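Here is the structure we will look at.
Only the coordinates and a few stated rules stand behind these numbers; no lab work does. Treat the numbers as computed from the prediction; the structure is a model and nothing was measured. Note: ideal-geometry Cβ built from the backbone for every residue, glycine included; neighbour counts use all protein chains shown.
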């Protein structure tokens, strides 16, 4: 009976704390959850982050509740050592625990697969040269080239011009082709919800559709040498007309350079670093 | 039967003790070997066109390390036995029955000596790598490089990460596994005691080789050693590769030895259902070690060939691929993550029943959980590569397998809660550490679910969130279990008491400071701070300053632990009673210090190890096996 | 009781079981060691990065490969003869056959080293060339280790002399267990070597 009452007490405390936390997470934290609402990909990530936090919170509260309750109530002191009841398990409880955790996990895996493949065309992660989640229509092609220690961008639809900043038109599906010409980098456009490794010799494709005007932060998310932390820049989402005038200006400005560049290709193979010594 | 009697003449001067097969000889021959190897490598390099084109000669460094290690192991006496076998001498085990300090400084096949050697090695380098972490945090007080040049910072990061990975892989299984497994299964020794002894000397050599990178220009890759960054790197990379090959070989051998021991050396009556959970956890870990570490060794051998023999495994322009290294590395790397978790769960579930004075709740479930984690951990490695651009169609599969691992991990948590429920808990220091370990691992595990799900991993991959997650599981989980194990078994292993008050202060400070140090890093990560970056956005400085200061205090709290170890072990030397915790574990039924052959006569196991409060429970073993041979020689 | 013999301070039954279990565990570890090479082969072959997997001019010399495989297979067959002879207690046949098996393993290793000198392409000539050099080298290291193991068994049986004839003695039981364990690993390694050279030469 005492144990049953203990269970009810823990359940009450846990229920109240969890309900408060989950509500706080969903309604308080949720709207501000990184990476924000700038693209459908980012929205899906922040929804997933919120969902995970909301599901993790009750577990994170339950187990310490039980620990603390046990430590406070089931404790003995003194020189005389008493042994507890020799209970070795409880079949239904064990089965129930397995069932609940399995269901939760399968739900999360199913939800993750659904967002990954259906709602946000790859969830902003690099899908490699043969993407499985492909949007319809005619996306804008942009190549992202990582090198130590900067990202540059080529627009094959605009004569293969290579720019030092990334500007994207709002409301247009973009197909980013991320690659590298030296070591592995990772192209992380935080507010866009995009992260894709830039691997030499590989065309890593990401789909993203910016829906909000403004700037976004670009970083490198894979250790690439001493100035890894400095490999940052700012990109912009602009209106389609502003994008058109910007890219035309870039084409004019960089025309002499564009002529010297190697022809646009999904991946570039610079002279390999053959190191015998 | 052959026994070696080492009779020392009474008049032998003290310095003569330094001559012979011991650590000193090993170090001297190691240095000589390195010099010879580097010279030979220089000669070879002079004749090779591709070395002539570069200003660095990796062949000389690798050959130096190889011959240096040959000299080191030869000096320690590891080649005596293989050579005598080559000449056809039958097996003969040289055991240093004689008491004394000397046997701790040479190859010794007594598993208890090996356990203590491991403990000392682990503790020393734990503090070295921890000191590295302090230097990293000092640099991160400012958002741009201020104290060290950026390349030095990366070397510090790499040294810290790699050394901790190497050490923590052996942190519980090395000292406590080697010391306790034979005793817990009722055996006199390990199945392959020379291999056992070799692994501890490898575990000592690996961090030293790794530290030599500082003299060779450092290495920029962190503990993952990704190519092609590693191909660009200067000679310090060779130290990383050699150290990790050594560590990988040691892991394989440890796993091999422990599995063989548990399979063949169990005492009569030690059925699989009576095996202590500590041993079960080491068995699950050993499976992972035996099967995953060879892949790491091969991957690193390919890296050696890329750097010395112009092969192009990881150069995409010439028929190779950086993905090859990523795949091979993480095929080892993910089981490695559980090599870093399972031993800790073994410690937790071993200690819980003793202080709860109850049988372990759900023994079979715990075993199933550990073996389930071990089996699943081979099928999850590409979750480290969700955004890398490989195998997009397989992502849902890896997402599913990774999330499924939380089911067997959940088994272990309900075992713990069931054992705590309605217990008669004695809140001693080991139990406090176990509870804290489970709490930390819970946070580590729940944050891991964020990383297992591709959409949220796209936000968090490569950020400080990952770094916080892995520190919660490794330091918060395994590190705390190392402390729990230390405080629990120290009286048995050394026969000494530690300072209980200092231990309690250590617990509360380390528990609080650990959480104040690493919890804010989850926030730093989700607010877009990339890992291993020496420069970061200035709005993250308040978080980083808080974390740095908290980390310094955490380091100070670790010093309390170090002081307690040194004080209790070397200075106070207060003898402990045989069984201070009133445990049923076999190791506690033996006298302290444990005799060289563990058991006078082979024991017969007649009851399970956790039968606390069971009416009429038999003592766990009867000292004499009816048909067993007499002990000793 | 016959089992009351101690080997290295341990019950001989445990020592004999150690050989059995140890050899099987060793095979398990070797499986993953070789899997890494096999994975490199299949992975780089399927990627064919920059069309540099296997340029036409890279041709592995088939004669040497065949000779190496033949030496290993014959060594395994001769070892089987040796093992059978030991089981039938014909010790002199065992000694000669084991010696021949050992020398054949060494021959295979020597042939491999000769092949490296006669390759006709460098290790940098693409993915196949790299994998060829590394994988055959990985097999070579294991073959040398196995040759060492066989030599210790052979040398022990020479030194033990006629005492080995008594099958109830501890030394003899240990030797038999050792031979059995070696056999398991050696057959496995030879099978891997055959598969390796088959993949490298035919599939390429």
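This ranking places B:358, B:492 by how few other beta-carbon atoms lie within 10 Å of each, fewest first, which gives B:492, B:358.
Counting partner chain Cβ atoms within 10 Å of every residue's Cβ in A:87-95, what's the average?
Details: counts 10, 13, 11, 5, 1, 0, 6, 8, 1.
For this peptide, the per-residue mean of nearby foreign Cβ atoms is 6.
All Cα-Cα separations within the range B:110-214 were binned at 10 Å from zero, giving a P(r) of 15, 39, 24, 14, 7, 2, each value a whole percent of the pairs. Take the Cβ-Cβ distance between residue C:144 and residue B:597 as r, set R0 to 41 Å, and report the resulting FRET efficiency rounded to the nearest 0.05. The formula returns an efficiency of 0.65 here. In chain C, the DSSP-assigned H stretches of four residues or longer account for a calculated mean residue ellipticity at 222 nm of -27000 deg cm²/dmol, using -39500 (n - 2.57) per stretch and the full residue count as denominator. A Förster distance of 56 Å, applied to the separation of the beta-carbon atoms of residue C:162 and residue A:81, puts the FRET efficiency at 0.35. Dividing the convex hull volume of the alpha carbon atoms of chain C by its residue count gives 111 Å³ per residue. Put a dot 7 Å past the Cα of residue A:90, heading toward its Cβ, do the same for residue C:73, and the two dots end up 6.5 nm apart. Explain nothing, just the number: relative contact order of the range B:114-572, from Cα pairs under 8 Å at least 6 residues apart, as a whole percent. Worked out over the range B:114-572, it gives 16 percent.
Going by how many other Cβ atoms sit within 10 Å of their own, how do C:75, B:557 line up, fewest first?
Details: C:75 25, B:557 19.
Listed from fewest to most nearby Cβ atoms, that is B:557, C:75.
Global dimensions of the range A:140-260 from alpha-carbon coordinates: Rg and Dmax equal 13.6, 39 Å. Using a simple spin-label model with pseudo-atoms 7 Å out from Cα toward Cβ, residue B:105 and residue C:195 lie 4.9 nm apart. With the helix formula -39500 (n - 2.57) applied to DSSP H stretches of n ≥ 4, chain B reaches a computed 222 nm mean residue ellipticity of -20000 deg cm²/dmol. Taking every Cα-Cα distance in the range C:16-64 and sorting them into 10 Å bins from zero, the calculated P(r) comes out as 21, 27, 26, 16, 9, 1 percent.
The share of alpha-carbon pairs in the protein assembly as shown lying farther apart than 55 Å comes to 19%.
Using every Cα-Cα pair within chain B, state what percent have a distance larger than 48 Å.
Within chain B, distances greater than 48 Å cover 13 percent of Cα pairs.
Within 10 Å of the Cβ of each residue in C:114-127, the mean number of Cβ atoms contributed by other protein chains is 3. Counting other Cβ atoms within 10 Å as a rough exposure proxy, the listed residues A:155, B:536 run A:155, B:536 from fewest neighbours to most.
Label positions at residue B:427 and residue A:236, each projected 7 Å from the Cα along the C-beta direction, are separated by 6.1 nm. Here, the range B:18-89 yields an orientationally averaged convex hull projection of 5.8 nm² when only Cα atoms define the hull. FRET efficiency for the pair residue B:578 and residue B:607, taken as 1/(1 + (r/R0)^6) with r the Cβ-Cβ distance and R0 = 25 Å, rounds to 0.85. Partner shielding of B:508-519 amounts to 0, given as the average count of beta-carbon atoms from other chains within 10 Å of each residue beta-carbon.
Secondary structure note: in the protein assembly as shown, about 70% of the DSSP beta bridges are antiparallel.
Kirkwood Rh over Cα pairs of chain A into Stokes-Einstein at 37 °C, 0.692 mPa s: D in µm²/s? Mind dumping the intermediate values first?
Values: Rh = 22.5 Å.
Roughly 146 µm²/s, to the nearest whole number.
Starting from the Cα-Cα distance between residue B:141 and residue B:80, subtract it from 0.36 nm times their residue separation and give me the gain in nm to one decimal. Working shown, then result.
Working: separation 61, 0.36 × 61 = 21.96 nm, distance 5.21 nm.
Gain on extension, residue B:141 to residue B:80, equals 16.7 nm.
Here the range A:80-107 is scanned for amide nitrogen atoms under 19 Å from the site 7 Å beyond the Cα of residue A:3 along Cα-to-Cβ, giving A:82-98.
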